[in-house]
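The values are calculated or read from the model by the stated rules, or taken from the named source; none is laboratory data. Fair warning: this is a prediction, and the values are worked out from it, not measured in the lab. Here the Cβ positions follow ideal geometry from the backbone for every residue, glycine too, while neighbour counts run over all protein chains shown.
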Amino acid sequence: MKTLLNDTAEPTSGEKHMTGETLRITGGRPLRGRVEVKGAKNLATKAMVAALLGETTSVLRDVPDISDVQVVRSLLEVHGVTVEEGPEPGSLTFDPRGAVAAHFEEIDAHAGASRIPILFCGPLLHLLGEALIPDLGGCRIGDRPINFHMDALRAFGAVMDKSYEGIRITAPDGLHGAAIELPYPSVGATEQVLLTAVRAKGTTELRNAAIEPEIMDLIAVLQKMGAIISYEPNRVILIEGVETLRGYDHRCIFDRNEAASWACAALATDGEIFVGGAKQQEMLVFLNVFRKAGGWFDVHEDGILFRRDGSLKPVMVETDVHPGFMTDWQQPLIVALTQAEGRSIVHETVYENRLGFTAALNQMGADIVVHPDGLDTPDRRVPRRALEQAAVINGPTPLHGADVVVPDLRGGYSYLIAALAAEGESIVRNVDILRRGYEKLFTKLDALGADYDVIG
Ligand code: EPU
């Protein structure tokens with residue numbers, strides 16, 4: 001039975017965004033029940049930025065109640081955009097007509113750990129002729145470079161001035177369409193190009209673009225605003241710039257990352273979870289791997305039911321850009337793979353350091369060996385990248401409780417389900433980080449019968 005030892009933690013729809021929450025979790029109990037996923041974090045935050053480009057108000061529906069949305073909301077507000085809740089619960093209305101420039105310190109104070117300020121560049125250049133990116137290259141951005149973004153903006157005619165506060169970007173001759181080829185199909189850089197090209201003079205041809213479903217949904221948002229965007233085979237996107245855009249009314253695509261997370265929670269804890277709002281089409285690749293790993297699922301009109309189908313089996317997975325297996329899916333899957341009978345291999349090819357979280361799983365009894373320079377294994381589908389790593393997971397290994405600190409969003413979620421699957425008691429610290437991408441986390445854990453206390 002859950003006791004709330006901390007009065008400030010509300011496991012209700014009024015959940016607060018706190019820092020450093022600590023949970024005491026008693027594991028070994030299957031998670032069973034129903035959770036709902038709402039709009040995708042990785043679309044909602046970008047669609048909010050797009051609202052800046054319209055000359056009239058925009059309405060975004062099914063916006064998740066997560067801290068990344070709060071960050072973008074406050075960044076819009078410091079730029080003079082009026083943001084209101086409504087017209088229906090879970091929706092936001094944006095009025096960009098009072099948009100104004102903000103100072104480095106204001107942007108910095110509201111940006112938190114988010115990379116979203118980078119995506120404000122194109123819209124702010126169109127609107128105000130200037131965009132500021134604070135604290136570039138600081139530890140907040142860490143190893144995640146923004147060179148593709150900067151190169152793309154330069155191709156549009158933007159000019160960068162570095163100062164001790166950050167980077168000031170202007171476009172003395174305006175922004176004009178460009179031929180841009182990304183060195184890698186980066187999600188953020190593709191969004192940068194889209195948000196800039198829609199109002200640039202002339203046509204932009206973007207090659208090697210990311211084509212994630214969230215990007216396709218952003219294209220739909222921009223088209224509703226009046227943009228002319230088409231996509232062609234082989235990752236080519238064509239954008240014909242227009243002079244003005246209007247506001248939009250859009251319901252966000254569902255969060256397939258959160259849906260996959262709960263599916264893996266069912267697999268890891270040997271439970272049964274119905275993920276309301278999950279759709280098959282955007283999760284095809286995940287569902288294949290889920291099935292091969294010993295999962296069972298049933299697609300319904302309003303969601304997908306997930307559970308185990310007998311014992312878990314080892315799999316070989318390579319993360320990749322869409323239509324590959326998402327890098328955000330591997331962390332919760334790895335928890336389940338610790339219970340598979342045999343040796344699994346996960347190649348992380350998208351980010352250069354996204355397997356560090358496995359050390360804490362080893363502390364809980366897992367047998368995971370990380371190869372920091374990757375591994376050459378037969379039957380690879382994704383071309384080998386210089387920065388990749390691989391995790392070899394030997395199972396099954398019973399998990400036991402441990403004291404662990406959430407390192408990041410997806411790694412942190414995997415600690416949560418590892419603790420829920422493990423025998424005994426775990427302490428999971430810094431759980432507030434999960435609020436960046438998992439809305440109403442406590443409400444959902446309660447609905448699934450998780451045994452935990454908030455202890456700090
Ligand atoms: N990259 C560069 N230079 C750049 C931009 C990217 O080298 O200028 C590299 C990155 O270092 C990385 C690769 O390109 O190795 C891919 O990065 P990408 O730009 O695609 O990632 P992102 O846009 O920063 C988004 C999501 C991530 C998700 C990735 C991949 C948002 C806010 N974030 O990041 O989501 O993992 O795409 O799909 O949309 C998460 O939800 O936990 C999360 C991290």
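A few remarks follow.
- Check on ALA421, without any contact (Cβ under 8 Å) to a residue 24 or more places away in the chain and in the same structural domain as ILE273 (by TED's automatic domain parsing): no
- Residues that are touching a Pro at 6+ places or on another chain (Cβ under 9 Å) and either of a type in the set (Val, Ile, Thr) or within 17 Å of ARG199 (Cα to Cα) (or both), drawn from the stretch 229-247: GLY247
- 3 or more residues in contact with a Cys (Cβ under 7 Å, 6 or more places away or on another chain) and farther than 27 Å from ARG435 by Cβ: qualifying helices (runs of 4 or more DSSP H) within the stretch 52-158: none
- Check on PRO145, over 27 Å from ARG97 (Cβ atoms), in contact with a Phe, Trp or Tyr (Cβ under 7 Å, 6 or more places away or on another chain) and within 16 Å of the ligand (Cβ to nearest atom): no
- Residue in the stretch 56-63 that is within 16 Å of the ligand (Cβ to nearest atom), buried (at least 17 other Cβ atoms within 10 Å of the Cβ) and at pLDDT below 95 present: no
- Filtered by the rule that a residue be within 12 Å of the ligand (Cβ to nearest atom) and either part of a loop (DSSP other than H, G, I, E, B) or over 21 Å from the mean Cα position of the chain (by Cα) (or both), the stretch 183-217 gives PRO183, TYR184, PRO185, SER186, ASN208, ALA209, ALA210, ILE211, GLU212.
- Members of the stretch 331-352 found to be in contact with a helix residue (DSSP H, G or I) (Cβ under 8 Å, 6 or more places away or on another chain) and under 21 Å from GLN363 (Cβ atoms), listed by number: GLN331, PRO332, LEU333, ILE334, VAL335, ALA336, THR338, GLN339, SER344, VAL346, GLU348
- The residue that is nearest to the chain's Cα centre (by Cα), among those in the stretch 338-367 that are hydroxyl-bearing (Ser, Thr, Tyr) and within 15 Å of the ligand (Cβ to nearest atom), is TYR351.
- Only one of GLU214, GLU232, GLU181, GLU240 that is farther than 30 Å from THR349 by Cβ and of a type outside the set (A, V, I, L, M, F, W, C): GLU240
- At least 1 residues being buried (at least 17 other Cβ atoms within 10 Å of the Cβ) and of a type in the set (Asp, Glu) is the threshold, and among the strands (runs of 3 or more DSSP E) wholly inside the stretch 313-376 those reaching it are 316-318, 342-348.
- Test: residue in the stretch 64-73 that is among the hydrophobic types (A, V, I, L, M, F, W, C), farther than 25 Å from LEU441 by Cα and buried (at least 21 other Cβ atoms within 10 Å of the Cβ): no
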